Amino acid sequence: MEDLNSFSRRDFLRGVGALSAAGLTLWAGGCESCKRQIQQRPTRRNIANLPANDPVIQAYKDAVAAMKALPASDGRNWTKQAEIHQNKCVHSNWWFLPWHRAYLFYFERICRQLSGYNDFALPYWNWTSSPSIPAPFWGAGNPLLNTTRTATQASVANSSMVGSATITNILNQTNFFLFASDQATTQQEFAGYGMLEGTPHNYIHGFVGGDMGAFMSPLDPVFWCHHNMIDCLWVDWNINRGNPNTNDPNWANFQFADFVDETGAPVTVQAIITVLYPIFSYQFEACGPTTLTAKISDRVQLEKFLREGAPAKLEFVKRFELRQSLTAELQKPASGSIKIEPEAFRSVLESAGKDKAVLTVDEVDVPEKQDVFVRVFINKPDASSQTSLDDPHYAGSFAFFCCPSESSMKGHEGMAATGRPKAGYLVDLTPTLQKLNQGGSLSGGQLDVTLVPVPFDERPPTTQRLTIGRLEVGVARF
Ligand code: C2O
């Protein structure tokens, strides 16, 4: 280990933020110990694979207890960390993924510092394979317990939101905006949910409930392991499956000035730097429904691919409004329909077609209690919460995650009079339309979209109705 002294792991990790120019040279030449550091970077593991007495779990407990004990004047204090989220969190736009990645990156370093366990890597909660809140988060006196949760240890997350079919469908999206949420100009603009954020991400917040159901959610230690799963799925999409992030400089060069490092000192992170963390600073034990390895195995090429990204566009060549101002009730789903001009949808329906049919569910009034989610069906006007997810007409789901207190929404744009945002969701209808077309059930020339509100669990939900501003299907060219 002697030869590592000149450039310790800690120095290296600290240096990553400044790597913007140095990275490529680092692989190409010289620094042998850097290469070793990178190869030996910590592995973030599935918490279900860690024994109860694993040092990682103990270190996480120690770190959370230490953060709770810090004075409020210290930026690493537990509540202070959650306030970063409450005040500056990025949702429903294209910085959702990089912002939360950077937030976790510094949190993990704080945990390493305060637990004294230098090999600490934040574990993740894989809700696809373990749909209940994992055992390490339970037990009286446990620093990882949060007593405000509405889910119990026995509650099981809904497979329509976190199951492997749903996650595979999301990972199969090649469009950056559909995967990673929509383009925006300011950090806290609600531009539109992509499928990763709008479906499993939002759902798990509401499923856990309590603190997790709103913007002080990082008060629940499960928050960090939930977002770590989201981060891992981004790695799976971006690195393993080789889907590029956008190369828009407005995305890449954006600076987040919201975090503190392991000493409590403020740090600024550029969005593009976060795309390199998983090749320089940490790695993941596989989390996707299909175990894959990096599509580009050459390190230099991989780094180049990540830095460069590619043009991402979600251009609607045609738009069809199905309906305006709809109300979906628990027992009474809402539908909208249009006559399909077969010509307009030809490029979508042909299996080799280049175009996609994207549903926009826009200007949804986020309900006061986000205790229902929504399922989308095509040409099934009698769909209900009982309709099987194996029904060929089922096209996808989305959930809400928000903000009970008005103060938590300061700085966000596009707020409704309720103090909560109007949400917009993007759902790719292409696979379902193709399936229905092959089965002959689109031949009537009618396209009908039904939105079914579904309660989170057996408990009767507070939310009885959802108001939706606009339902639109667009033919999108990526
Ligand atoms: Cu910023 Cu899952 O929350």
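The values are calculated or read from the model by the stated rules, or taken from the named source; none is laboratory data. Only a predicted model underlies this, so the values are computations on that prediction, with no experimental measurement involved. Glycine also receives a Cβ, built like all others from the backbone with ideal geometry; neighbour counts cover every protein chain displayed. Surface areas here come from the heavy atoms of the whole protein model, side chains and all, with no ligands, DNA or RNA. Shrake-Rupley method; radii C 1.70, N 1.55, O 1.52, S 1.80 Å.
Of M195, M216, the order by accessible heavy-atom surface (1.4 Å probe, DNA, RNA and ligands excluded), from most exposed downward, is M216, M195. With 10 Å bins beginning at zero, the pair-distance distribution over Cα atoms of region 318-477 amounts to 11, 39, 32, 15, 4, 0 %.
Remark: relative contact order (the chain) = 19 percent; criterion is Cα-Cα distance under 8 angstrom and separation of 6 or more residues.
Residues whose amide H lies under 5 Å from that of V267, counting only those 5 or more places away or on a different chain, are F259, V260, D261; hydrogens are built 1.01 Å from N in the peptide plane.
Give me the angle, in degrees from 0 to 90, between the Cα long axis of helix 96-115 and the longest principal axis of the Cα atoms of the chain, rounded to the nearest 10. So the inclination is approximately 30 degrees. The accessible area of F284, taken with all protein chains in place and a 1.4 Å probe, comes to roughly 40 Å². The 1.4 Å probe gives accessible areas that order E363, E303, E189, largest first, as E363, E189, E303.
For C31, the accessible area of its heavy atoms, probed at 1.4 Å with every protein chain present, is near 40 square angstrom.
Only lysines eight or more places from K435 in sequence, or on another chain, were considered; those with a Cα closer than 19 Å are K339, K354, K356, K380. For the chain, adding -39500 (n - 2.57) for each run of n ≥ 4 DSSP H residues and dividing by the number of residues yields -8500 deg cm²/dmol at 222 nm.
Eight or more residues apart or on different chains, and alpha-carbon atoms under 30 Å: count the Lys pairs in region 9-308 matching that. Pairs that pass both the separation and distance tests number 8. Once the C-beta distance of T263 and T147 is scaled by a Förster radius of 22 Å, the resulting FRET efficiency is 0.10 to the nearest 0.05.
Diffusion of the chain by Stokes-Einstein, at 10 °C in a medium of 1.306 mPa s and with Rh set to the Kirkwood radius over alpha-carbon pairs, works out to 69 µm²/s.
Fully extending the segment from T174 to L389 would add 75.1 nm, taking 0.36 nm per residue of separation and subtracting the current Cα-Cα distance.
Modelled this way, with points 7 Å down the Cα-to-C-beta line, the labels at K354 and R319 are 2.2 nm from one another. Per-atom-type breakdown for region 34-81 gives carbon and sulfur 49% of the accessible area (1.4 Å probe, protein chains only).
Annotation: amide H of T43 within the under-5 Å range of Q283, sequence separation 5 or more or interchain, hydrogens built in the peptide plane. Tell me, what is the FRET efficiency for E329 and A48 to the nearest 0.05, using R0 = 51 angstrom and their Cβ-Cβ distance as r? The pair E329/A48 has a calculated efficiency of 0.85. The slack between N87 and S73, meaning 0.36 nm per residue of separation minus the straight C-alpha distance, is 3.4 nm. When only Cα pairs under 8 Å and 6 or more residues apart are kept, what is the percent relative contact order across region 318-477? After rounding, I find 49 percent.
Of the residues R299, R307, the one with the largest accessible area comes first in the ranking R299, R307, computed with a 1.4 Å probe on protein heavy atoms. In this label model, I296 and S132 are separated by 4.3 nm, measuring between points 7 Å along each Cα→Cβ vector. Note on E308 and E343: with the Förster distance fixed at 30 Å, the Cβ-Cβ geometry gives a FRET efficiency of about 0.20. The heavy atoms of T291 offer some 110 square angstrom of accessible surface to a 1.4 angstrom probe.
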